[in-house]
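*Asks:* Here it is: the structure, laid out below.
The values are calculated or read from the model by the stated rules, or taken from the named source; none is laboratory data. If you're wondering where the values come from, they're calculated on a predicted model, not measured in any experiment. Reconstructed Cβ throughout: ideal geometry from the backbone, glycine too, with neighbour counts over all protein chains shown. Surface areas here come from the heavy atoms of the whole protein model, side chains and all, with no ligands, DNA or RNA. Shrake-Rupley method; radii C 1.70, N 1.55, O 1.52, S 1.80 Å.
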Amino acid sequence: MASLWRHVYFKQVLLKEIEEAFTDKEADEVLVNAHSDLLALVKRLTNEEETNRQEGKECDNFLNALDVLILILKFAQSNCNQIDNKFKLKLTDKLIDCVLKPSRNIFLAGEWIMLDQQRKEDLMNLMNDMKDQIPLKKREILSMQGYAENPWSTPAVKNLINGKTEKEEEVLGLLSSEGVEGVVLRIEMLLESSMYREALKAVSTVVMSLISEDMILQSYVSTSAPSIVDRLIDIFIILSVKLNKTLRLLKVLKQIGFEDINKIYIRRITAYITGQLPSIPKPEP
């Protein structure tokens, strides 16, 4: 799976997670300093982006983003045994929470798949040690390891992108385990890698499973990030039109309801075109 790595998506999610985790940073100097250090790491990536733009480079250095992830994990590890300082223990939890979602951008990237095996093993060993050292965050660390070890090769994921998912339960199981945000990220990574047909197979299966019953749809809408389910449907509509999958599109539009299409989705797609919403990569016909 080839891709042209850009820091922007990893950086956006990381910044959001940092700000959410450190809303109480004024409680102690430990948290204030840690927050400042994290922003400095993000600034390092921003500076690289700017330099690359000025030099006309098409991609950023994936290894620099990976190093940021590793530095934050090591920062968490260095604080986990300081039981005499409650703020340093609290900091450990916050740091792991900060990287849980951004790490998916790293592990789903083609650059991670092609990365030198020794570098992969070093990071896996670090996470193995942290599992034992930070038992309260074992579940989160295991989740990161799962993405790192098998980013695209689990049966449910392979079936999804190959259009071979036979049971709706399999799709809903993947949505429950990774969250709608995680599945949308996979689809967007396929788009970034120009794998448009695989992206359409995946998004079609997910959308049809979600809209099969209103109770299922509302359940995922209420437990997911705002507008993330709408974005999933946006991607489906745009890909279906671009790849001339008219019958599939009409089937889904009928289930969604044409009134909702006119009120919600046409307006949202117009917002993509005018730049009011983050863009969806446009496939070639």
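Yes/no matrix, rows are residues, columns are (1) of a type outside the set (S, T, N, Q); (2) at pLDDT 90 or above:
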{"site": "Glu26", "(1), (2)": "yes, no"}
{"site": "Ala34", "(1), (2)": "yes, yes"}
{"site": "Leu38", "(1), (2)": "yes, yes"}
{"site": "Asn52", "(1), (2)": "no, yes"}
{"site": "Asp67", "(1), (2)": "yes, yes"}
{"site": "Asn79", "(1), (2)": "no, no"}
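*Asks:* Name the residue, out of Gly173, Gly163, that is part of a loop (DSSP other than H, G, I, E, B) and either farther than 24 Å from Leu38 by Cβ or touching a residue at least 60 places away in the same chain (Cβ under 8 Å) (or both). Spell out how you get there, then give the answer.
*Replies:* Numbers: Gly173 fails: part of a loop (DSSP other than H, G, I, E, B).
Step by step, each of Gly173, Gly163 is checked, and only Gly163 is part of a loop (DSSP other than H, G, I, E, B) and either farther than 24 Å from Leu38 by Cβ or touching a residue at least 60 places away in the same chain (Cβ under 8 Å) (or both).
*Asks:* Mind checking which residues of the range 193-248 are under 18 Å from the mean Cα position of the chain (by Cα), in a helix (DSSP H, G or I) and over 29 Å from Ile113 (Cα atoms)?
*Replies:* Tyr220, Val221, Thr223, Asp230
*Asks:* Using beta carbons and a limit of 9 Å, which pairs, at least six apart or on different chains, have the first residue in the range 12-32 and part of a helix (DSSP H, G or I) and the second one among the aromatic types (Phe, Trp, Tyr)?
*Replies:* If the second residue must be among the aromatic types (Phe, Trp, Tyr), the pairs left are Ala27/Phe87; Glu29/Phe87; Val30/Phe87; Leu31/Phe22; Leu31/Phe87; Val32/Phe22.
*Asks:* Quick one: what pairs do we get from the range 180-196, first residue over 15 Å from Leu239 (Cβ atoms), second among the β-branched types (Val, Ile, Thr) and surrounded by fewer than 19 Cβ atoms within 10 Å (Cβ to Cβ), C-beta under 7 Å, 6+ apart or different chains?
*Replies:* Val180/Ile228; Glu181/Ile228
Conditions (1) farther than 26 Å from Ile106 by Cβ; (2) open to solvent by 30 Å² or more (accessible area, probe 1.4 Å), marked per residue:
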{"site": "Val171", "(1), (2)": "no, no"}
{"site": "Gly179", "(1), (2)": "no, no"}
{"site": "Glu188", "(1), (2)": "no, yes"}
{"site": "Glu192", "(1), (2)": "no, yes"}
{"site": "Ala199", "(1), (2)": "no, no"}
{"site": "Ala202", "(1), (2)": "no, no"}
{"site": "Met208", "(1), (2)": "yes, yes"}
{"site": "Glu213", "(1), (2)": "yes, yes"}
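*Asks:* Shifting gears a bit: Tell me, please, whether a residue that is within 17 Å of the chain's Cα centre (by Cα) and more than 24 Å from Ser193 (Cβ to Cβ) can be found in the range 24-33.
*Replies:* Checked the range 24-33: no residue is within 17 Å of the chain's Cα centre (by Cα) and more than 24 Å from Ser193 (Cβ to Cβ).
*Asks:* Additional query: Does Phe62 fit the bill of being at negative phi, touching an Asp or Glu at 6+ places or on another chain (Cβ under 8 Å), in contact (Cβ under 8 Å) with a residue 12 or more places away in the chain and hydrophobic (A, V, I, L, M, F, W, C)? Spell out the reasoning first.
*Replies:* On the way: at negative phi: yes; touching an Asp or Glu at 6+ places or on another chain (Cβ under 8 Å): yes; in contact (Cβ under 8 Å) with a residue 12 or more places away in the chain: yes; hydrophobic (A, V, I, L, M, F, W, C): yes.
In short, yes.
*Asks:* Right, here's the next one. Could you tell me whether Leu45 is touching a residue at least 12 places away in the same chain (Cβ under 8 Å), within 25 Å of Ser143 (Cβ to Cβ), in contact with a Lys or Arg (Cβ under 7 Å, 6 or more places away or on another chain) and assigned to a helix (DSSP H, G or I)?
*Replies:* Details: touching a residue at least 12 places away in the same chain (Cβ under 8 Å): yes; within 25 Å of Ser143 (Cβ to Cβ): yes; in contact with a Lys or Arg (Cβ under 7 Å, 6 or more places away or on another chain): yes; assigned to a helix (DSSP H, G or I): yes.
So Leu45 fits the description; yes.
*Asks:* Mind checking whether some residue in the range 81-89 is touching a residue at least 40 places away in the same chain (Cβ under 8 Å), part of a helix (DSSP H, G or I) and open to solvent by less than 60 Å² (accessible area, probe 1.4 Å)? Spell out the reasoning first.
*Replies:* So the first thing to find is which residues in the range 81-89 are touching a residue at least 40 places away in the same chain (Cβ under 8 Å), and the list is 81, 85, 87-88.
Of the ones still in play, those that are also part of a helix (DSSP H, G or I) are 87-88.
Checking the rest, the ones that are also open to solvent by less than 60 Å² (accessible area, probe 1.4 Å) come to 87-88.
Yes, the range 81-89 contains a residue that is touching a residue at least 40 places away in the same chain (Cβ under 8 Å), part of a helix (DSSP H, G or I) and open to solvent by less than 60 Å² (accessible area, probe 1.4 Å).
*Asks:* Scanning for something out of contact with any helix residue (DSSP H, G or I) (no Cβ under 8 Å at 6 or more places or on another chain), open to solvent by 60 Å² or more (accessible area, probe 1.4 Å) and closer than 15 Å to Tyr147 by Cα, does the range 54-61 turn up at least one residue?
*Replies:* Scanning the range 54-61 turns up no residue that is out of contact with any helix residue (DSSP H, G or I) (no Cβ under 8 Å at 6 or more places or on another chain), open to solvent by 60 Å² or more (accessible area, probe 1.4 Å) and closer than 15 Å to Tyr147 by Cα.
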